[in-house]
Amino acid sequence: MSGHILPPSFYDREVVTVARELLGMRLVHKLDGARLSGIITEAEAYRGEEDLACHARHGRTSRTAIMYGPPGHAYIYFTYGMHWMLNCVTGPEGFPAAVLVRAIQPVEGLEMIAKRRPGVESDQWCNGPAKLCQALGLDKKQNGADLCNETGGLWIEQGTAISDSQVITGPRVGISNVPEPWRSIPWRFRVVW
DNA sequence: TTTACGATCTAT
DNA sequence: TAGATCGTAAAT
């Protein structure tokens, strides 16, 4: 049983638009035959080589090549010596842009998620980009996975629509060493319940 | 090859 | 408020 998987055309748009519309969608990771999933509640847009907060600011490298590829793929990278982050590559192909998925609200596979986040309260399981990767079991193995079908074990399904009145926008997080206007541009989208 | 530094989280 | 801990990319 699965919902409607978002098609490539969903991702083949402006990265800021995709970041906003990803709110309310359902992120699914198939692990050991089980569905681990959650509703996306927070996302940020990273857009092009000019965006000095974007990893592609230094041009195309082996690490960032995925962001230059076709939309609808996962860009998962490692940072701070211990954390994985999940991004969704957006279009058009050849232009480096991606949406960082910063938080989800767990829906399926809660027992498995609980085991992955020992000693942590349920409302803290996935309320951070590295936390949700740990909770869902995402790491280098899913880097480059096609999000538009189930073969990669990772995809995003149609969810519930989130109205503008439920969305807060603001500057992106964790980029305090980045110069303006990138540091303050409101490319962060968050759902308030 | 070496160094510096992260799109973070957790414990102190 | 600092420590964990290592891949990446710039500097040497």
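The values are calculated or read from the model by the stated rules, or taken from the named source; none is laboratory data. Model, not experiment: these values are computed from the prediction. Cβ placement follows ideal geometry from the backbone for every residue including glycine, while neighbour counts extend to all protein chains displayed.
Just a few scattered comments:
- Among the residues of the stretch A:145-193, those identified as aliphatic (A, V, I, L, M) and more than 16 Å from the chain's Cα centre (by Cα) are A:ALA161, A:ILE162, A:VAL167, A:ILE168, A:ILE175, A:VAL178, A:ILE185, A:VAL192.
- Yes/no for A:SER37 being in a strand (DSSP E or B) and more than 11 Å from the chain's Cα centre (by Cα): yes
- Residue check for A:LEU86: in a loop (DSSP other than H, G, I, E, B), surrounded by 14 or more Cβ atoms within 10 Å (Cβ to Cβ) and within 16 Å of DNA strand C (Cβ to nearest atom): no
- Take the conditions (1) part of a strand (DSSP E or B); (2) crowded, with 17+ Cβ neighbours inside 10 Å; A:ILE168 misses just one of them, which is (2).
- Leading residue by the ranking (nearest to DNA strand B (Cβ to nearest atom)) among those in the stretch A:141-165 that are part of a loop (DSSP other than H, G, I, E, B) and among the β-branched types (Val, Ile, Thr): A:ILE162
- Test result for A:GLY48, more than 19 Å from the chain's Cα centre (by Cα) and over 16 Å from A:ASN143 (Cα atoms): no
- Annotation note: of A:ALA56, A:ALA45, A:ALA65, A:ALA34, the sole residue that is in contact with a strand residue (DSSP E or B) (Cβ under 7 Å, 6 or more places away or on another chain) and small (Gly, Ala, Ser) is A:ALA45.
- Between A:GLY152, A:GLY159, A:GLY144, the distinction of being surrounded by fewer than 22 Cβ atoms within 10 Å (Cβ to Cβ), in contact (Cβ under 8 Å) with a residue 60 or more places away in the chain, in contact with a strand residue (DSSP E or B) (Cβ under 9 Å, 6 or more places away or on another chain) and within 17 Å of A:GLY33 (Cα to Cα) belongs to A:GLY152 only.
- Count - residues of the stretch A:32-80 that are near DNA strand B (Cβ under 9 Å from one of its atoms) and either modelled with pLDDT under 95 or among the β-branched types (Val, Ile, Thr) (or both): 2
- Some residue of the stretch A:110-128 being at pLDDT 95 or above, within 13 Å of DNA strand C (Cβ to nearest atom) and among the small types (Gly, Ala, Ser): yes
- Residue in the stretch A:2-9 that is at pLDDT 95 or above, away from DNA strand B (no atom under 16 Å from the Cβ) and under 19 Å from A:ARG172 (Cα atoms) present: no
- The stretch A:89-115 - residue that is of a type in the set (A, V, I, L, M), buried (at least 16 other Cβ atoms within 10 Å of the Cβ) and not in a strand (DSSP E or B) and, of those, nearest to DNA strand B (Cβ to nearest atom): A:ILE113
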